[in-house]
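Here is the structure we will look at, set down as structure tokens.
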């Protein structure tokens, strides 16, 4: 039974587990125990916020995070824990009359994800969908009398029978099921109602409902493949009265989110500006009935628009990355001039997302800072008030300083990055061991917020005497289209030279110890780590590297990833057959025999983005070249990144052991490696 609980203060709500506090910096256990606000919604009357808090599992527990649901009353800032315990709640949304909160949840070990609803004023939650394959996304109707949702097409009776008999093979990218759009009537405390099938035959990834209740927009691709979701998603409009739908917008590249204006006469969305633009970067608006598409992004804007939201029927709020900062601006829909309202530089927050309703001054922002994880803030247009404190114990932990550092690359281009200094270090002290932490993508960037995670142990490393630098090398987002495409079809070229130039700069200004440098990173950052560990022009700069879910062979990566078209269209520009020589030259395995760095290779066994064989190729190439300081660790059940507590704690502890061994202590490459068995660090009772 799922019940409402008593009212408590927000700080007490999220401090569910006692934390051992150390005054001398952050420990690995503390980093792994950090909670954060994960999803939220503002009520239509502006008086309540429903939100979930991601609370990490502890030693011996399965899974990665629990995400209980909370309700905050904004007038008192008191919080009600609506649904607690070992639950994973997602996507809370208020009904139009604010009487109910809908959310997604799977209840039971083998249960599929369904839409549930709970009354705001108390009572049990009730399930309102009964999807055989599980709900992917959902939205309330404008009047709150029904719920639209997407779900995979059901398996046929024949397929079920064959599978039950043990004869069903797994088809690869064939016999794909569509992701259909459905509608079910909503009546609380009733069994799930009959379902109307609205759209079939496409893969529908996201939906938005017209506030007038006449239309629905959905983003869909021809096939239910991740690659198609990334590169071939179009916007369609569905007439809810006639049931007819048609294509409304065909972005040339990646599609972001979209939203109707309050009167339903316009649709705004974010998308890439061209097929080779590797990230969502621009805003667009089109009036209804369909007119020409208007770009919201001025050609002089040097940044990436991440999301747009209607402030009223004529004005839009815009969330963007601008260099090392995130910004929130306002603009008229028929203009391209933005007026900044909030910036990281001025208020010290890295904005992740925002929520609000047209015509309402109150907005809810989710943001982090160098001093805290992602929390909720209330903004009335003038004043920012922090609403949540997911880690109240953090105020008793001494945190290392974080600072923006810029430098000129060898061709004169300015590169920005963020440094977490060793705890207590100050200018004039002896140079420190340096970790170059390289972000993935490369279609992403590092902003001036909270930067420490299980795979990027910045504050933990600072406690142990390391400085960690996060460079936004060319190809990163946040600096506009020209900067983003500057590494197009040039993998491991000028983009990684930017990293070398960053190392040299930090050494020259007396920060970094030239003899104690490491490179770490995941995905594309893992590719950088593998490159620095092998190529003769790069491995000489580093004592150790830690490629996590990294690329080692560009050719085989293209054929084994689940996003081959994305790789070809926005990164390389041509099929493998037309650039095989370049791809071979820019693959770390090609240079394995030249490695002069200790290389710890980490990978999830179920990774479909960067196939785990990429790490095996690198490991085997190193070993066959006689390399003695390399190790490959696979994480069972993990994909492209570790989502479970066992994989996270092992990766964090093992990485720090590797760095301490080869970077801090300068152990020789031809000597013993760090201990393989680190089970004594898992926090388990091993007696």
Count, please, the residues in the stretch 268-286 that happen to be in a loop (DSSP other than H, G, I, E, B) and touching a strand residue (DSSP E or B) at 6+ places or on another chain (Cβ under 8 Å).
-> 5
Hey, could you check the stretch 481-495 for residues that are over 18 Å from residue 408 (Cβ atoms) and within 23 Å of the chain's Cα centre (by Cα) and say which is surrounded by the fewest Cβ atoms within 10 Å (Cβ to Cβ)?
-> 488
Do we have residue 623 as within 23 Å of the chain's Cα centre (by Cα), at pLDDT 95 or above and in a helix (DSSP H, G or I) here?
-> no
Reported set for the stretch 626-655 where residues are over 23 Å from the mean Cα position of the chain (by Cα) and either free of Cβ contacts under 8 Å to residues at least 12 places away in the same chain or surrounded by fewer than 21 Cβ atoms within 10 Å (Cβ to Cβ) (or both) is 626, 628, 631, 632, 633, 654
Within the stretch 494-528, how many residues turn out to be assigned to a helix (DSSP H, G or I), farther than 21 Å from residue 589 by Cβ and in contact (Cβ under 8 Å) with a residue 12 or more places away in the chain?
-> 8
Are there any pairs, at least 6 apart or on different chains, whose C-beta atoms fall under 8 Å, with the first in the stretch 551-563 and at positive phi and in contact (Cβ under 8 Å) with a residue 60 or more places away in the chain and the second assigned to a helix (DSSP H, G or I) and crowded, with 17+ Cβ neighbours inside 10 Å, and if so, which?
-> none
Of all residues in the stretch 145-160, which are part of a loop (DSSP other than H, G, I, E, B) and closer than 20 Å to residue 203 by Cβ?
-> 153, 154, 155, 156
What single numbered condition from (1) farther than 19 Å from residue 371 by Cα; (2) in contact with a helix residue (DSSP H, G or I) (Cβ under 6 Å, 6 or more places away or on another chain); (3) modelled with pLDDT of 95 or more fails to hold for residue 25?
-> (1)
Filter result for residue 289 (crowded, with 16+ Cβ neighbours inside 10 Å and either touching a helix residue (DSSP H, G or I) at 6+ places or on another chain (Cβ under 7 Å) or outside any strand (DSSP E or B) (or both)) = no
Can we say residue 361 is at pLDDT below 95 and either assigned to a loop (DSSP other than H, G, I, E, B) or under 21 Å from residue 302 (Cβ atoms) (or both)?
-> yes
Is it true that residue 422 is in contact (Cβ under 8 Å) with a residue 40 or more places away in the chain and surrounded by fewer than 21 Cβ atoms within 10 Å (Cβ to Cβ)?
-> no
Residue within the stretch 496-510 that is out of contact with any strand residue (DSSP E or B) (no Cβ under 7 Å at 6 or more places or on another chain), surrounded by 24 or more Cβ atoms within 10 Å (Cβ to Cβ), closer than 13 Å to residue 442 by Cβ and modelled with pLDDT of 95 or more present | yes
Filter result for the condition that a residue is more than 28 Å from the chain's Cα centre (by Cα), on the phi < 0 side of the Ramachandran plot and surrounded by 21 or more Cβ atoms within 10 Å (Cβ to Cβ), over 254, 263, 215 = 215
Does the stretch 303-325 contain at least one residue that is farther than 21 Å from residue 274 by Cα and either touching a helix residue (DSSP H, G or I) at 6+ places or on another chain (Cβ under 8 Å) or modelled with pLDDT under 95 (or both)?
-> yes
Selection status of residue 434, part of a helix (DSSP H, G or I) and in contact with a strand residue (DSSP E or B) (Cβ under 7 Å, 6 or more places away or on another chain) = no
Quick check: anything in the stretch 372-386 in a loop (DSSP other than H, G, I, E, B) and either within 25 Å of residue 31 (Cα to Cα) or touching a helix residue (DSSP H, G or I) at 6+ places or on another chain (Cβ under 8 Å) (or both)?
-> no
Sole residue being outside any loop (DSSP other than H, G, I, E, B) and in contact (Cβ under 8 Å) with a residue 60 or more places away in the chain, chosen from 416, 398, 443 | 416
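Residues are listed down the side, and each one gets a yes or a no for (1) surrounded by 21 or more Cβ atoms within 10 Å (Cβ to Cβ); (2) assigned to a strand (DSSP E or B):
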position	(1), (2)
562	no, no
566	yes, no
583	no, no
591	yes, no
596	no, no
599	yes, yes
Before we move on, is residue 571 surrounded by 21 or more Cβ atoms within 10 Å (Cβ to Cβ) and free of Cβ contacts under 8 Å to residues at least 60 places away in the same chain?
-> no
Checked against (1) assigned to a loop (DSSP other than H, G, I, E, B); (2) touching a strand residue (DSSP E or B) at 6+ places or on another chain (Cβ under 7 Å); (3) at pLDDT 95 or above, residue 297 satisfies every condition except (3)
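The values are calculated or read from the model by the stated rules, or taken from the named source; none is laboratory data. Treat the numbers as computed from the prediction; the structure is a model and nothing was measured. Methodologically, a virtual Cβ is constructed for each residue, glycine included, from the backbone with ideal geometry; neighbour enumeration extends over all protein chains shown.
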